[in-house]
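To start, the structure itself, in structure tokens.
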Amino acid sequence: MKAPYITEAEVEALGITAAEIADAAEPLFRAREQGQGQVAMPPKTGLSLPGSDAFFHVMPAAAEGAVACAKWVSGALGNAAAGRPHITALLILADATDGRVLALVEAAALTGLRTAALSLLAARRLARAEASRLAFVGCGLQARTHLAALAGPFPVREVLAYGPRPAGVNRFADHARASGHQVQICARPEEALEGADIIVSSVPAHPDLVPFLDAGSLPPGAFATMVDLGRSWCVEGLPNFDRCLTDDMTQSTALSGANPTFAAIQLEADLAALVTGRVPGRQSDDERIAFLFPGVALADLAAGMLVLERLGIGAP
């Protein structure tokens, strides 16, 4: 039987939320922490070509007796300027028992949701429960998915928006207002950080990008989720964070040789340790906590399993 091809529009029609992906991913992280082979997830593999700004990643994961997946995600730094999507993604889902391919899923939007789901898993335990001011540095897809994800469990009353492209900031501001939020567009990045309870940085990579966010501007008790792999944060300000966690220690440790933010900050633990309680969540209202993460395939697997469930696809 030919595996179905699921388009972006068909995925969107399923109405899957970041919160649902977070809930589906949590038991997978718990199983990974238990280390008994119920889940498998090697680090992502990447490649690039000399003289090209394009990137290509493959991200596999599997849950015993359920589903295996591999996500191909690719893009180029110049896509936005050329009016093209920043990334293209395809998720291959297979039966983990017999290897049958179950579906091919267009996954650009799903990637945005699963990234927000990872931030949400961390925020549930690391942000203050009364967090009400959300700051977004970078106002594209990740800002929209994170706003929807974080506005559920937190009593959001104000959204702060800053970005290098005024048109993008204005579109996001309109989106946030349409979602019922009060919005302040910030002229300087410091305005977005000062007084914010939760900060989402999602600044796209660019050859000329110079880090500009200073963690010293954060108030006590702030939680920052660094969707952009920390590229927008000044290395010299990172010691202002009291703690820093990531999504997967093995993968993130491997990045320390190529990413200055990962190299400069001490990673305490990952989501598997956090959701099982091996490391504590927030311990005081004054802690400044960072979540620095590259994204992991377990979240893609959780999202893919929800797609299969909604479509009624699986083993006969």
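The values are calculated or read from the model by the stated rules, or taken from the named source; none is laboratory data. Everything quoted here is computed from the prediction, not taken from an experiment. Note that we place each Cβ from the backbone using ideal geometry, even for glycine, and neighbour counts take in every protein chain shown. To get the accessible areas, we keep the full protein, side chains included, count just its heavy atoms, and leave off ligands, DNA and RNA. Shrake-Rupley method; radii C 1.70, N 1.55, O 1.52, S 1.80 Å.
Structure summary
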{"quantity": "Hits in the range 71-87 - residues which are part of a strand (DSSP E or B) and open to solvent by 80 Å² or more (accessible area, probe 1.4 Å)", "calculated": "Trp72"}
{"quantity": "Test for Val210: is it touching a Phe, Trp or Tyr at 6+ places or on another chain (Cβ under 6 Å) and within 27 Å of Ala81 (Cα to Cα)", "calculated": "no"}
{"quantity": "Options Val105, Val156; residue that is farther than 28 Å from Gly281 by Cβ and not charged (D, E, K, R)", "calculated": "Val105"}
{"quantity": "Given (1) touching a strand residue (DSSP E or B) at 6+ places or on another chain (Cβ under 7 Å); (2) closer than 22 Å to Thr17 by Cβ; (3) open to solvent by 20 Å² or more (accessible area, probe 1.4 Å); (4) in contact (Cβ under 8 Å) with a residue 12 or more places away in the chain, number of the condition Arg177 does not satisfy", "calculated": "(4)"}
{"quantity": "Residue in the range 160-174 that is open to solvent by less than 60 Å² (accessible area, probe 1.4 Å), farther than 28 Å from Ala263 by Cβ and not in a helix (DSSP H, G or I) present", "calculated": "yes"}
{"quantity": "Hits in the range 43-67 (condition: closer than 14 Å to Ala31 by Cβ and in contact (Cβ under 8 Å) with a residue 40 or more places away in the chain)", "calculated": "Ala61, Ala62, Ala63, Ala66, Val67"}
{"quantity": "Condition met for Ala192 (in contact (Cβ under 8 Å) with a residue 40 or more places away in the chain and aliphatic (A, V, I, L, M))", "calculated": "yes"}
{"quantity": "Residue check for Val156: touching a residue at least 12 places away in the same chain (Cβ under 8 Å), outside any helix (DSSP H, G or I) and over 22 Å from the mean Cα position of the chain (by Cα)", "calculated": "no"}
{"quantity": "Residues of the range 187-205 classified as surrounded by fewer than 19 Cβ atoms within 10 Å (Cβ to Cβ) and of a type outside the set (Lys, Arg), total", "calculated": "6"}
{"quantity": "Residue tally, condition in contact with a Lys or Arg (Cβ under 7 Å, 6 or more places away or on another chain) and open to solvent by 50 Å² or more (accessible area, probe 1.4 Å), over the range 212-227", "calculated": "1"}
{"quantity": "Count of residues meeting criterion [more than 20 Å from Leu245 (Cβ to Cβ), part of a strand (DSSP E or B) and open to solvent by less than 10 Å² (accessible area, probe 1.4 Å)] in the range 104-141", "calculated": "2"}
{"quantity": "Unmet requirement for Ala303, which otherwise passes all of (1) more than 30 Å from Lys2 (Cα to Cα); (2) among the hydrophobic types (A, V, I, L, M, F, W, C); (3) under 17 Å from the mean Cα position of the chain (by Cα)", "calculated": "(1)"}
{"quantity": "Number of the exception - Thr246 against (1) free of Cβ contacts under 8 Å to residues at least 40 places away in the same chain; (2) among the hydroxyl-bearing types (Ser, Thr, Tyr); (3) closer than 30 Å to Glu8 by Cα", "calculated": "(1)"}
{"quantity": "Those residues of the range 3-36 which are in a loop (DSSP other than H, G, I, E, B), out of contact with any strand residue (DSSP E or B) (no Cβ under 7 Å at 6 or more places or on another chain) and open to solvent by less than 30 Å² (accessible area, probe 1.4 Å), in sequence order", "calculated": "Ile16"}
{"quantity": "Residues (open to solvent by 50 Å² or more (accessible area, probe 1.4 Å) and not in a helix (DSSP H, G or I)) located in the range 257-283", "calculated": "Gly257, Ala258, Gln266, Glu268, Gly277, Arg278, Pro280, Gln283"}
